[in-house]
Amino acid sequence: MAPVSLEKLTKVYPNGFEAVHEFDLEVADGEFMILVGPSGCGKTTAMRMVAGLEEITSGTLRINGEIMNDVSPRDRDIAMVFQNYALYPHMTVGENIGFALKMKHTPKSEIEKKVRETTEILGLTEWIDLKPGQLSGGQRQRVAMGRAIVREPKVFLMDEPLSNLDAKLRVQMRAEVARIQRRLGVATIYVTHDQVEAMTMGDRVAVMRAGLVLQCDKPQTIYDHPLNLFVAGFMGSPSMNLFEARLGEGATTLFLGTQKVELPPTVLSAKPALGRFANAEVVVGIRPESLAVAGTATGERTEDLVFFEGDVDLVEALGSEILVHFSTDAHRVEAEGMYSDDAEGLDAGSITQRGEGVARVSPETQLVIGEHVRLQVNPKRLFFFDPVTGLALNG
């Protein structure tokens, strides 16, 4: 058991490509840390530097206070769980789990004891004599975890371990992996591109883009208080609705396309930074679950709400909720690829002519495609961003 410290960790390849830039991260003993971001953002590279599978260009890696930059992978006391289970097909579950101990010439009685304890933790006891080909995908993934657990390492590293599982099993294994990690209490770095996994599993989440950590905090804090446009749009499913807009005189009105939306005084008092953007462009964000069709019961007074209109393009009935896809004449801002390569400002193509948005509403809501609807949102749930820097206007 040991804390992990990454201080300005940087990886530059021989061709000059910088995969990770001055990565700072502290993972406490027993903490479950998630690295999340789109493909190519540097999260796996960062984890491989911790494992010793990638050479560190600059910066310092410490495990339990000891510098590990030049320590060989086998001497770092780290266990990895990969997307590919990499199990030995000719060995049983028990033999796969105990193989690393066997290679270390651990006494047979101790191997049997640790394998038995590990299979009990993972719920694999009844399959201990079966071979991988006789197991389900979820069972094979647990065997791969068992092979790491049995070594009792200081640190666990997990690289998208659930990505090969089907949707239902993936949901089940999210809870399973989180439960096992908390029971073991080992510092864990878990890499994923799936923000749902990040939200549901981690103690903290580091959101990455283009080799940079854009925000690191508790999942709910990141969701409720994103620091920039990319984080706002990346975290959440469906993603946050982001529209190009303009604030009016005194920042008391908001122009969404041709619509004039009245903002109550509480908006400016809660976000005084908006005053600097009076008569200027902003990006406004609204979470799908914050939207409702006007007139539906919300328990909120009408004067406390903000209203705008749209046309229903698609209705997805999911049983417990309905996703309403709507369009307006306000230009939508795409969160993916939000920043240019130098992470300053928006890409030229990040603002589109499409005004599509999504509202997550109750299953009792009756709507049809083509219907013109009036949507409402509590102004406390509006997000505003600087369209040049992409930073949230929170203060």
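Scanning region 91-124 for residues that are touching a residue at least 12 places away in the same chain (Cβ under 8 Å), in a helix (DSSP H, G or I) and aliphatic (A, V, I, L, M) yields V93, I97, A100, L101, I111, V115, I121, L122. Residue-level check: of (1) under 25 Å from D77 (Cβ atoms); (2) of a type in the set (S, T, N, Q); (3) not in a strand (DSSP E or B), T188 misses just (3). Scanning region 272-290 for residues that are in a loop (DSSP other than H, G, I, E, B) and not hydrophobic (A, V, I, L, M, F, W, C), which turns out surrounded by the fewest Cβ atoms within 10 Å (Cβ to Cβ)? That would be N279. Considering only region 125-148, state which residues are in a loop (DSSP other than H, G, I, E, B) and modelled with pLDDT of 90 or more. Of everything in region 125-148, those that are in a loop (DSSP other than H, G, I, E, B) and modelled with pLDDT of 90 or more turn out to be I128, D129, L130, K131, L135. If only residues of region 61-90 that are β-branched (V, I, T) and assigned to a strand (DSSP E or B) are counted, the one that is surrounded by the most Cβ atoms within 10 Å (Cβ to Cβ) is I78.
Pairs linking a residue in region 251-271 that is without any contact (Cβ under 8 Å) to a residue 12 or more places away in the chain to a residue that is crowded, with 16+ Cβ neighbours inside 10 Å and of a type in the set (A, V, I, L, M), with Cβ atoms under 7 Å and 6 or more positions apart or on different chains, are T253/V261; T253/L263; F255/A245. When region 28-60 is limited to residues that are in a helix (DSSP H, G or I) and polar (S, T, N, Q), the one that is surrounded by the fewest Cβ atoms within 10 Å (Cβ to Cβ) turns out to be T45. Determine whether region 187-205 contains at least one residue that is touching an Asp or Glu at 6+ places or on another chain (Cβ under 7 Å), surrounded by fewer than 18 Cβ atoms within 10 Å (Cβ to Cβ) and either acidic (D, E) or modelled with pLDDT of 90 or more (or both). Yes, the conditions are met somewhere in region 187-205. Yes or no: region 171-179 includes at least one residue that is in a helix (DSSP H, G or I), touching a helix residue (DSSP H, G or I) at 6+ places or on another chain (Cβ under 7 Å), surrounded by 14 or more Cβ atoms within 10 Å (Cβ to Cβ) and in contact (Cβ under 8 Å) with a residue 60 or more places away in the chain. Yes.
Filtering A46, A86 for residues that are within 23 Å of R174 (Cα to Cα), more than 20 Å from the chain's Cα centre (by Cα) and among the small types (G, A, S) leaves a single hit, A86. Among residues that are among the hydrophobic types (A, V, I, L, M, F, W, C), in contact (Cβ under 8 Å) with a residue 60 or more places away in the chain and in contact with a Ser or Thr (Cβ under 9 Å, 6 or more places away or on another chain), L35 is included. Taken over region 224-254, the criterion of being within 18 Å of G357 (Cα to Cα) and either hydroxyl-bearing (S, T, Y) or over 31 Å from the mean Cα position of the chain (by Cα) (or both) is satisfied by S237, S239.
The values are calculated or read from the model by the stated rules, or taken from the named source; none is laboratory data. Fair warning: this is a prediction, and the values are worked out from it, not measured in the lab. When we count neighbours, we look across all protein chains shown, and the Cβ atoms used for this are built from the backbone with ideal geometry, even at glycine.
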